[in-house]
Amino acid sequence: MQERVIKAPSDVDFKWVGTRQIRPDGVEKVTGRAQYGADFNMPGQLVGLVLRSPHAHAKLLKIDASKALKLEGVKAVVTRDDFVEHDSDLMAAGEMMVSYKDISRNVMARDKVLYEGHAVAAVAATSRAIAKKALKLIDVEYEVLPHVIDEMEAMQPDAPLLHDDMITAGVNPPPSKPSNVSKQMEFVLGDVEKGFADADFVIERTFKTSPVHQGYIEPHACVANVSADGYADLWGTTQGHWVVRAHCARLLGWDISRVRMTSSEIGGGFGGKTVVYLEPLALALSKKSGKPVKMVMSREDIFRASGPTSGATVKVKIGAKKDGTITAGQADLFYQAGAFAGSPVSQGAMAAFAPYDLEHVKVVGVDVVSNRPKVAAYRAPGAPISEYAVESVIDEIARKIEMDPIALRLKNAAKEGTQAAYGPKLGPIGMIETLEATEATEHYKTMLGPNQGRGIASGFWYNIGGQTTVNMSLNEDGTFNLIIGTPDIGGLRASVAMMAAEELGVEYNRVRPTIGDTQQLGYNFLTGGSRACFSSGMAAVEAARQIKEEACRRAAKMWDIPEDAVDYENGWIRPAGDNAGAHEPISINEIGKMAGKTGGAIVGSSKINAQGAAPSLGQHLVDVEVDPDTGKVTVLRYTVIQDAGRAIHPSYVEGQYQGGAAQGIGWALNEEYIYNKDGKLDNASFLDYRIPVASDLPMIDTIIVEVPNPNHPYGVRGVGETAIVPPMGAIANAVADATGLRFTSLPMSPPRVKKAIDEARAAGDPNLKV
Amino acid sequence: MAHVTLVGNLRQFADGIGELEVEATNIRQLFAKLSERFPALAPHLEDGMAVAIDGEIYQEALFQTIKDDAVVHILPAIPGG
Amino acid sequence: MKHHVSFTLNGDPVEALCETEQTLLDVLRDELNMTGSKEGCATGDCGACSVTVDGRLVCSCLMLGVEANGKAVDSIEGMADGDHLHPLQQKFLEHAALQCGICTPGILVAAKNLLERNPDPTETEVRYWLAGNLCRCTGYDKIIRAVMDTAAEMRGA
């Protein structure tokens, strides 16, 4: 029986870290009591709805809402005139530099609509039925323009131009004319021409991926309540309420302190809820109407108007020797940004070859706008696309020289000291450890049957830290309140409470974690970047240490001995040595009880910009069966082997591995946006945008490998994002193994697979195995 | 003296120079000196750059110490999803 | 034109006024303030709104409020007995079969209905029964394990 957690050695026997506690927010979630974005209501609230462009690309000539305003029950209408005209480009919004010019235009169109679904106006009315009628009464005059969606088509010289001031950045000398390419960049290590010259053979392939949506089951939803004197309360589902607060304040021209946001429970985000859509509209409507306004996005609008990830074209060229040494890696990435600049192409470019120790690498990234919703982050943004392409070619290399794919990766594996293509030398990472663990699995040794194939792929994600503020207080009975600022998307409260309990040496259920609102804590960057357990955990540990220190100071005072003559251990404070005097140990409960009389409440307050996040490396191993008659690819068996640094709560780490794998399986086999000739989305529903369902998948086995991150008190590495990076490559490799055919375009949906098999059969392709 | 590499296409804004020596004891100083020497680089340094110092990546850490002889890379910031 | 509907919800009589076009889900959430059933799509594709009506598993977004008149509706809010969780709810917590939790009410309602009909389902039967409940976070693994474990416990207990 395989070990599910390959634990890192530790000289400490943890009491809580590494165990599987019941999450403190669990009962409310299994009883339906937890409040998500759309579950909150305010007395007298209005319903807000958005009018969206029916055209993929058009000039917005005129908006006349006068008839709508006359309809009984309509209390407010907002259009582009209600938002600050941001001309200047970048402003700080917490950790990110954002173009408010672009965000304001995405939230509400100004001179042009740039995608079907682009918001044009919003109304607030006393009922949904009236709001719907009101939308129909808003007169909008469009001048329809030709549109373009595909990234390669958008780069053609005669392509419809989205922004007439878009001059490609990163090109020297800058182009004289505007285009749909917002920027270009390259990452170079060594000299790839030399590397290719050293190779015994070179494999070159072009890949195409389709845009996919994060697919969170909970729609965007918020309730805004703005008083006549401009104090705004905002409730909503988000990955980062300080970020939303900042965006709303800037877009509306308000002081940040005027906006108080409470994050509801969140029903999935995956990066798609790190941006604003409804919130500024709801706030503007509430201010105008003088009443609370509730807005919930329909599933159709989510597909038409909220940000998916990029579709892309990726060209990969890799040179290798017959002994499996990879001599050079080159990639050209063309990523869709959607209607405004900013695809994750630079992160995709930097990650492409990151699992490998290469001397010569050149990756060029190009950011292309086209008439689709502005792309939003989707779990390891950019990396799944580029690594799918690279991992496919690595697989071809292994097949060509008949080398075991794990052995090939081990031979070229990045490790501590490897210089990454994006510059710095890597610290300790788990590429080799996870490869070795994969090789040792029973899965890897199992025989396959007819029409079956096995594939493996590696994945890398950097992980981030960021601004984190946490408060912890000792209650009068020795229990603890812990307020963190990163919304809990799946087990975070449990993990942070476990780290705090470990640090304090107290029972886990004596630490109560909650998510604070923007009034209650200093700035917290969002839950994303695989940062929450790492950063909020680090801050909680620091706050716990402050409490321990203060508890010791109080005890020392009570005993009249110097502060440093006192020790804290497992919730008890005792004199440090015989010299300190014979004082009975005092519990943290006692300290809590006496806190008021000994100086006041005992509170830990940690305010950090967490640094030292370390990458997580992982391997996905998958067996598939391909039905040549239907083209259906069935996932028979799946194992995720990934480095967590240290798994605080193994069940929730496993959950991240399994969830990322499932999303990747959907991306590989079924998910895509299907546009008609007018640039309108044909499959704007869960029926036709098919994400994996329970009957599509087998059990997803997981192995947690621990290569601790030296920069975190408990060795934590973020894990959420790496998990979605390998699946497409692994499945494409498995399908190649089963069929003998290499699929360079996603998704590998049944019609596409069947067509390829039929064509190969008709052509007498000797590679065909089914 | 830090050994600085400008990753990606940052070198375009530094007159094509990709590697250089800079006297700086923290990231803020590093950015200030680079901006002074290459004004075209300044807005990009504001633009969300991560800085790797001897392999450790720092984002938004203006006062992070840069020791003498450190190997420094300036690269695009990593957001998350 | 509002209609007066009365039905039982989790064993208790309830009544509400609703428009013709309001779904049972709308009535539960907006008129009765029972927000445990969730709207994920409003087109019956995601199962987050799952309830049972006279013992039959339905998407409450696909049923009009007026159609509930006189029926026995059971939602997630009725699953626990006071402060005693249903074994499924307890197992979901132990197996960590939820991450964000938005699909959990619908899945629990569906799973409970399955076990009432078939106390000894195979893994495949569980997967196909739950195929109408979308989950984007978990990959379904721990959910299936929790349901099978509960079935075994309920058979044995």
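The values are calculated or read from the model by the stated rules, or taken from the named source; none is laboratory data. A quick note: this is a predicted structure, and the numbers were derived from the prediction, not measured. Neighbour counts run over all protein chains shown; Cβ positions are idealised from the backbone, glycine included. Surface accessibility is based on the protein's heavy atoms, side chains included, excluding ligands, DNA and RNA. Shrake-Rupley method; radii C 1.70, N 1.55, O 1.52, S 1.80 Å.
Summed for both chains, how many Å² of accessible area, to the nearest 100, are buried between A and B with a 1.4 Å probe? Each step should come with its number before you reach the end.
Numbers: alone 29380 and 4940 Å², together 32020 Å².
It comes to approximately 2300 Å² buried between A and B.
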Quiz item: In whole angstrom, and with the biggest value first, how far do the Cα coordinates of the stretch A:491-564 range along each principal axis?
Solution: 47, 26, 18
Quiz item: Between B:Gln29, B:Gln12, B:Gln64, which gets the highest mean-square fluctuation from a Gaussian network model of chain B, Cα cutoff 10 Å?
Solution: B:Gln12
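Could you tell me what % of all Cα pairs in the stretch A:466-610 have separations over 28 Å? Walk me through the numbers before you get to the answer.
Details: 2234 of 10440 pairs.
Value for the stretch A:466-610: 21 percent of Cα pairs lie more than 28 Å apart.
Within 10 Å, at most 16 other Cβ atoms, and a DSSP state outside H, G, I, E, B define an exposed site. Report the longest part of chain A free of exposed chymotrypsin sites (Phe, Trp or Tyr not before Pro). Walk me through the intermediate numbers first.
Numbers: sites that count: A:Phe14, A:Tyr231.
The reported range is A:232-770.
Using a Förster distance of 45 angstrom, determine the FRET efficiency expected from the C-beta separation of A:Gln35 and A:Asn676, and round it to 0.05. Don't jump to the answer; show the numbers that get you there.
On the way: r = 39 Å, r/R0 = 0.86.
Taking R0 as 45 Å, the efficiency between A:Gln35 and A:Asn676 is 0.70.
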Practice problem: Starting from 0 in steps of 10 Å, tell me what percent of the Cα-Cα pairs of the stretch B:2-76 lands in each bin. | Solution: 21, 63, 15
Quiz prompt | Rg followed by Dmax, in Å, when the stretch A:362-468 is reduced to its Cα trace | solution = 17.2, 53
Quiz prompt | Sparse-neighbour loop sites [trypsin sites (Lys or Arg not before Pro); the stretch A:271-368; at most 15 other C-beta within 10 Å; DSSP] | solution = A:Lys321, A:Lys322
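How much area per residue is accessible in the stretch C:3-78 when the probe is 1.4 Å and only protein heavy atoms are counted (Å²)?
On the way: 3090 Å² over 76 residues.
Averaged over the residues of the stretch C:3-78, the accessible area is 41 Å².
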Quiz item: Based on the Cβ-Cβ distance of C:Glu21 and A:Asn683, what FRET efficiency does E = 1/(1 + (r/R0)^6) give at R0 = 25 Å, to the nearest 0.05?
Solution: 0.50
Quiz item: Which percent, to the nearest 5, of DSSP beta bridges fully inside the protein assembly as shown are antiparallel?
Solution: 75
Practice problem: Could you tell me how many degrees, from 0 to 90 and to the nearest 10, lie between the Cα long axis of helix C:141-156 and the main elongation axis, the longest principal axis, of the Cα atoms of chain C? | Solution: 80
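To the nearest 0.05, what FRET efficiency results for B:Arg37 and A:Lys62 with a Förster distance of 56 Å applied to their C-beta separation? Mind dumping the intermediate values first?
Details: r = 50 Å, r/R0 = 0.90.
Plugging the Cβ-Cβ distance into 1/(1 + (r/R0)^6) gives 0.65.
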Practice problem: Take the Cα atoms of the stretch C:3-78, build their convex hull, and give its volume per residue in Å³. | Solution: 70
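What is the diffusion coefficient of the stretch A:534-659 in µm²/s, taking the Kirkwood radius over Cα pairs and the Stokes-Einstein relation at 4 °C with a viscosity of 1.567 mPa s? Intermediate results must be reported in sequence, preceding the final value.
Working: Rh = 19.0 Å.
It comes out at roughly 68 µm²/s.
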Practice problem: Starting from the Cα of C:Lys71, draw a straight line to each of the lysines and keep only those under 30 Å, dropping any in the same chain fewer than 8 residues away. | Solution: A:Lys29, C:Lys2, C:Lys38, C:Lys91, C:Lys112
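Could you calculate, for the stretch A:612-744, the ratio of the Cα radius of gyration to the Kirkwood radius, expressed as Rg to Rh? Display every interim value, and only then the final one.
Details: Rg = 17.1 Å, Rh = 16.2 Å.
Rounded to two decimals, Rg/Rh equals 1.06.
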Exercise. Report the extension gain between C:Asp54 and C:Tyr128 in nm, rounded to one decimal, defined as 0.36 nm multiplied by the number of residues separating them, less their alpha carbon distance.
Key: 24.5 nm
Quiz item: How big is D, in µm² s⁻¹, for the stretch A:1-134 by Stokes-Einstein at 37 °C and 0.692 mPa s if Rh is the Kirkwood radius over C-alpha pairs?
Solution: 166
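Where Rh is the Kirkwood radius over the Cα pairs of the stretch A:442-518, the temperature 25 °C and the viscosity 0.890 mPa s, what D in µm²/s does Stokes-Einstein return? If you can, show how the numbers build up before the last one.
On the way: Rh = 16.1 Å.
Value of D from the Cα-based Kirkwood radius: 152 µm²/s.
Please report, as a whole percent, how much of the solvent-accessible surface of the stretch A:124-247 comes from carbon and sulfur atoms (probe radius 1.4 Å).
52
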Quiz item: Restricting attention to the alpha-carbon atoms of the stretch A:600-648, what are Rg (one decimal) and Dmax (integer), both in Å?
Solution: 22.1, 75
Quiz prompt | Accessible area per residue in Å² at 1.4 Å probe, computed on the stretch A:466-610 | solution = 39
Exercise. Please give the per residue accessible area of the stretch C:87-156, computed with a probe of 1.4 Å over protein heavy atoms only, in Å².
Key: 32
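GluC sites (Glu not before Pro) within the stretch C:4-109: which are DSSP loop residues with at most 13 other Cβ atoms inside 10 Å?
Working: sites: C:Glu15, C:Glu19, C:Glu21, C:Glu31, C:Glu39, C:Glu67, C:Glu77, C:Glu94; in loops: C:Glu21, C:Glu39.
Those satisfying the criteria are C:Glu21.
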Quiz item: Label points 7 Å out from Cα along the Cβ direction at A:Ala582 and A:Met447: separation in nm?
Solution: 7.6
Self-check item: All-pairs alpha carbon distance profile, the stretch A:111-243, 5 Å steps from 0, percent
Solution: 2, 6, 8, 10, 12, 13, 14, 11, 8, 6, 3, 2, 2, 1, 0
Self-check item: Extension gain (nm, one decimal) between A:Asp323 and A:Gln520, 0.36 nm per residue minus Cα-Cα
Solution: 65.0 nm
Quiz prompt | Per-residue SASA entry for A:Ser370, accessible area with 1.4 Å probe, Å² rounded to 10 | solution = 0
Quiz item: How many angstrom separate the Cα center of the stretch A:353-419 from the Cα center of the stretch C:87-157?
Solution: 37
Self-check item: Residue order for C:Arg29, A:Arg33 - accessible surface, 1.4 angstrom probe, largest first
Solution: A:Arg33, C:Arg29
Exercise. With only alpha-carbon atoms counted, please give the Rg and Dmax of chain C, in Å.
Key: 15.5, 52
Quiz item: How far, in nm, would the chain grow between B:Arg28 and B:Glu46 when pulled straight, counting 0.36 nm per residue and subtracting the alpha carbon separation?
Solution: 5.4 nm
Quiz item: Expressed in whole Å with the largest first, what are the equivalent ellipsoid semi-axes of the stretch C:15-58 derived from the C-alpha gyration tensor as the square root of 5 times each eigenvalue?
Solution: 17, 13, 10
Self-check item: Backbone N under 11 Å from the C:Asn69 label point (7 Å along Cα→Cβ), restricted to the stretch C:13-28
Solution: none
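Label chain A by shape, choosing from rounded, prolate and oblate, from the square roots a ≥ b ≥ c of the eigenvalues of the Cα gyration tensor; if a/c is under 1.5 it is rounded, and otherwise prolate applies when a/b is larger than b/c, oblate when it is not. The partial results should precede the final answer.
Working: a/c = 1.88, a/b = 1.10, b/c = 1.70.
Oblate shape, in that a/c is at least 1.5 and b/c is the bigger or equal ratio.
Quick one: pull the percent of accessible area on chain B belonging to carbon and sulfur, 1.4 Å probe, ligands and nucleic acids left out. Display every interim value, and only then the final one.
Numbers: 1930 of 3740 Å².
C and S atoms contribute 52 percent here.
Please work out whether the stretch B:1-46 counts as rounded, prolate or oblate from its C-alpha gyration tensor, where a ≥ b ≥ c are the square roots of the eigenvalues and a/c under 1.5 means rounded, while otherwise a/b larger than b/c means prolate and anything else oblate? Walk me through the intermediate numbers first.
Numbers: a/c = 1.82, a/b = 1.26, b/c = 1.45.
Oblate is the answer for the stretch B:1-46, as a/c is 1.5 or above yet b/c matches or exceeds a/b.
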